[in-house]
Amino acid sequence: GRITPVPAVGRVLYRALTTRTAVRGFLRQRVYANPELVTETMVDVHHAQARRPDAYLAPLAYLSGSLCFDCSDPLTHLSQPLLLVCGTSGGRSAERTAAAYVRLQPRTQVLLLSRAGTVPHEEQPEQFSAAALSWFQPRAA
C-alpha cells in the first residue's frame, strides 16, 4: 500500500513537543504552582517516559477523548467516604471539580491546597500528609 506522511509528521511534531526544554516548560507552567520545584532529574524522568516506544499514543488518546469516562454513576453508588485533595493553582478549576464530586457523592471531604498545582501531594507534602493521616484515623460510627 501507499505510505501516507501524516503519521510521520505527527511523530516529528510529538518529538518536538517532548524535548527536554518542552518537558521542563510544561512541568513549570502547567503542573507545578512553584516552578522552582522542578528539578533536572524530574525533567529527565518525564523526558525518558515521553520517549518510550508508543508514548506518542497517550496524547492522541487524550485529545480524542478516549481517556475520558463518565464516573458519575460509580461515584453515586460508593458507600465509602472520599477524600479529594486538589491544588488551587492547577490549570483546571479545583473548586468546580470539588463541587462536582460533592454533588455526586455527598460523603466527599474536600481539601483545597493553595500554592499547589496538579500534584498537591508533592508541592504541599506536609498538609497532604496531615490530611491523609487524619482521614485514615478510625471514626466513630
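The values are calculated or read from the model by the stated rules, or taken from the named source; none is laboratory data. All values derive from a computational prediction rather than experimental measurement. Ideal geometry is used to build each Cβ from the backbone, glycine not excepted, and the neighbour counts take in all protein chains shown. Surface areas here come from the heavy atoms of the whole protein model, side chains and all, with no ligands, DNA or RNA. Shrake-Rupley method; radii C 1.70, N 1.55, O 1.52, S 1.80 Å.
Over 26 Å from ARG139 (Cβ atoms), of a type in the set (Val, Ile, Thr) and out of contact with any helix residue (DSSP H, G or I) (no Cβ under 6 Å at 6 or more places or on another chain) - does that describe any residue in the range 29-36? The answer is yes, given that some residue of the range 29-36 is over 26 Å from ARG139 (Cβ atoms), of a type in the set (Val, Ile, Thr) and out of contact with any helix residue (DSSP H, G or I) (no Cβ under 6 Å at 6 or more places or on another chain). Looking across the range 38-72, the residues that are modelled with pLDDT of 90 or more, outside any loop (DSSP other than H, G, I, E, B) and out of contact with any Leu (no Cβ under 9 Å at 6 or more places or on another chain) come down to GLU40, THR41, ASP44, VAL45, HIS47, ALA48, GLN49. Looking across the range 89-141, the residues that are among the aliphatic types (A, V, I, L, M), under 29 Å from MET42 (Cα atoms) and either in contact with an Asp or Glu (Cβ under 6 Å, 6 or more places away or on another chain) or open to solvent by 50 Å² or more (accessible area, probe 1.4 Å) (or both) come down to VAL110, LEU112, ALA116, ALA130, LEU133.
Within the range 65-97, being of a type in the set (Gly, Ala, Ser) and over 17 Å from ARG115 (Cα atoms) holds for GLY65, SER66, SER72, SER79.
PRO106 - would you say it is in a loop (DSSP other than H, G, I, E, B), more than 27 Å from THR19 (Cα to Cα) and at pLDDT 90 or above?
Numbers: in a loop (DSSP other than H, G, I, E, B): yes; more than 27 Å from THR19 (Cα to Cα): yes; at pLDDT 90 or above: yes.
Against the criterion (in a loop (DSSP other than H, G, I, E, B), more than 27 Å from THR19 (Cα to Cα) and at pLDDT 90 or above), PRO106 qualifies.
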